[in-house]
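For reference, the structure discussed in these notes is given below.
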Amino acid sequence: MTDVEAIAERLRARGLRVTPQRQVVFGLLDGNQEHPTVEALFGAAREALPTISLKTVYQTVHELEDLGEVRLLDVGTGAVRVDPNVEHPHHHLICTECGSVRDVLVDVGDLHLAERDRQGFVVRDVQVLFRGECAMCVPAPGH
């Protein structure tokens, strides 16, 4: 994600106000590698601004997505995840136990579908999801 002040300037250029609520959400995502759910962002934002609404958090992450500053992910964990790492192409490791999501670099440059499989479908993006257990959730040997 771009510098928080640069994002604020881009929103102003689009005629949007940079409210304290938006600034809190920007701050929570700046440097965040956890791929938080929108609900987790809302909970953290409420600690700083108790009057913030879930709707405001959703609107803010959608505005950031429109600016290309975050990517909203549905990785099958039951909630939308916010990925502020848009600078580098990457894929994800997903823990099926705790739901944590982590970036992983995988070269899929030669991955393609044959025309007979695409049947006119135009592929614009490829997402690879690796599912398993993270180091915190893997059972210890002998348990």
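Readers should treat all values here as calculations from the given coordinates under stated rules, not as data from a laboratory. Please read these numbers as outputs of a predicted model, since none were measured by experiment. No Cβ is skipped: glycine too gets one built from the backbone with ideal geometry, and neighbour counts run over all protein chains shown.
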**Report entry** Anisotropy class of the stretch 91-132 from Cα gyration tensor, a/c 1.5 cut
**Finding:** prolate
Query raised in the report: Along the Cα-to-C-beta direction of ALA40, a point sits 7 Å from the Cα; which residues of the stretch 119-143 have their amide N less than 15 Å from that point?
Result: 134-137
Report summary line: Shape call for the stretch 4-83, from the Cα gyration tensor axes a ≥ b ≥ c (a/c under 1.5 means rounded, otherwise prolate when a/b beats b/c, else oblate), comes out oblate
Requested in this report: Please report how far the C-alpha centroid of the stretch 75-105 lies from that of the stretch 32-46, rounded to the nearest whole angstrom.
Outcome: 13
Report task. Can you list which of the GluC sites (Glu not before Pro) found in the stretch 54-87 are DSSP loop residues with at most 15 other C-beta atoms within 10 Å? Result -> GLU87
**Report entry** Cα-based helix-to-principal-axis angle, 20-29 vs the chain, degrees rounded to 10
**Finding:** 30
**Report entry** Mean Cα-pair separation over length for the stretch 4-83, i.e. relative contact order, pairs under 8 Å, 6 or more apart, %
**Finding:** 28
Report task. For the stretch 1-86, run through the trypsin sites (Lys or Arg not before Pro) and keep only the ones in DSSP coil with at most 15 other Cβ atoms within 10 Å of their Cβ. Result -> ARG14, ARG17
Query raised in the report: What's the angle, to the nearest 10 degrees (0 to 90), between helix 38-48's Cα axis and the longest principal axis of the chain?
Result: 30
Requested in this report: Grab the Cα-Cα distance for ASP66 and ALA135, subtract it from 0.36 nm times how many residues apart they are, and report the gain in nm with one decimal.
Outcome: 21.4 nm
Report summary line: The answer for trypsin sites (Lys or Arg not before Pro) in the stretch 104-143 that fall in a DSSP coil and have at most 12 neighbouring Cβ atoms within 10 Å is ARG124
